[in-house]
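**Student:** This is the structure I have questions about; it appears just below.
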Amino acid sequence: MRKPKMILFDYGQTLVNEKIFDGVKGTEAVLKYATKNKYNKTAEELQAYANELNKELGRFDPEKRHLFQVEVPNSMFSKYLYESQGIELSLSSEEMDSVFWDAAAPGTPTDGVEEFLEFLKKNGIRTGVISNISYSGKAVTKRINDCLPDNDFEFIIATSEYMYRKPNKHIFELALEKAELSPGDVWFIGDQYQCDIVGAKEAGMQPVWYIGAIDMKYEQKEDVLTVKTWKELVDILGELD
């Protein structure tokens, strides 16, 4: 294992710890901008319908999400959801993403990540982000910049903009092209084993399994570099010097 020239991060539960998703709160926030609600649909009714659609699509199943390797942008999903229910909104699709997301799942930086990013900056290690996410790239960038205003990310890849989801190799190849680096020069840090760890490993990157924000049981993998705190990773990088 050699010191990386660049470290790429997952977003959710890696850089930012999001509160438990509450789709009703998100939909309530969006409905405040309704200029027409033909059938007087409530947030609860709309979210129930959204859940049915997501189930049909096979999205968000924690046991199978790594098998779903093509992203459905939220702009497409929301456009169908609201228009099919006779609702018109005064929000652009990007505004809708942020309004919904901020209400449904507010986020805060994971413990110690700000200090870790500062450490990387001081040591000349470049950084970027690849996130499996249906929200627009602008919404994701805004969320990350709001939570981590001193970040030095060279790029933030939201899969909503590029079709492919981790663990598909194409999304990792895109990041390598943007970075102009070979896989062996890059580490990828994420919390989701199949999408982040297996995907990065198959792309030739050094995977790091960050479990500091995981609120669930996990099975230790002997062949995977696993850390619970960002300080652990600082120490590991220090040893590589």
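**Student:** Output the peptides 13-19, 111-117 sorted from most to least packed, where packing is the average of other Cβ atoms within 10 Å over each peptide's residues.
**Tutor:** Packing proxy ranking, top to bottom: 13-19, 111-117.
**Student:** So how do 193-206, 127-140 stack up, highest first, on mean other-Cβ count within 10 Å? Please report the intermediate quantities before stating the final value.
**Tutor:** Numbers: 193-206: 20.7, 127-140: 23.4.
Ranking, from highest mean packing down: 127-140, 193-206.
**Student:** Greater than 23 Å separation of Cα atoms is the criterion. Which listed pairs, Lys3/Lys64; Lys55/Lys201; Lys122/Lys221; Lys64/Lys166, meet it?
**Tutor:** Pairs exceeding the cut-off: Lys3/Lys64; Lys55/Lys201; Lys122/Lys221.
**Student:** What is the gain in length, in nm to one decimal, between Lys19 and Asp111 on full extension, counting 0.36 nm per residue of separation less the C-alpha to C-alpha distance?
**Tutor:** The span from Lys19 to Asp111 would gain 31.7 nm if fully extended.
**Student:** Sticking with this structure for a sec: Calculate the dipole size of the stretch 1-57 relative to its Cα centre from +1 charges on Lys and Arg beta carbons and -1 charges on Asp and Glu beta carbons; express the result in debye to the nearest 20.
**Tutor:** Value, rounded to 20: 420 debye.
**Student:** What size of dipole, in debye to the nearest 20, comes out for the chain about its Cα centre when the only charges are +1 on Lys and Arg C-beta atoms and -1 on Asp and Glu C-beta atoms?
**Tutor:** Roughly 400 debye, rounded to the nearest 20.
**Student:** Let me ask you something else. Amide H to amide H, which residues 5 or more places from Leu89 or on other chains are under 5 Å from it, using H placed in the peptide plane?
**Tutor:** Amide H neighbours of Leu89: Thr35.
**Student:** Near the amide H of Ile157, under 5 Å away, which other amide H atoms are found, from residues 5 or more places off or on another chain, if H is placed in the peptide plane?
**Tutor:** Amide H to amide H, under 5 Å and 5 or more residues apart or across chains, Ile157 pairs with Val129, Ile130, Ser131.
**Student:** Candidates (i) 0.94; (ii) 0.96; (iii) 1.00; which is the computed Rg/Rh (Cα atoms, Kirkwood Rh)?
**Tutor:** (iii)
Only the coordinates and a few stated rules stand behind these numbers; no lab work does. If you're wondering where the values come from, they're calculated on a predicted model, not measured in any experiment. Reconstructed Cβ throughout: ideal geometry from the backbone, glycine too, with neighbour counts over all protein chains shown.
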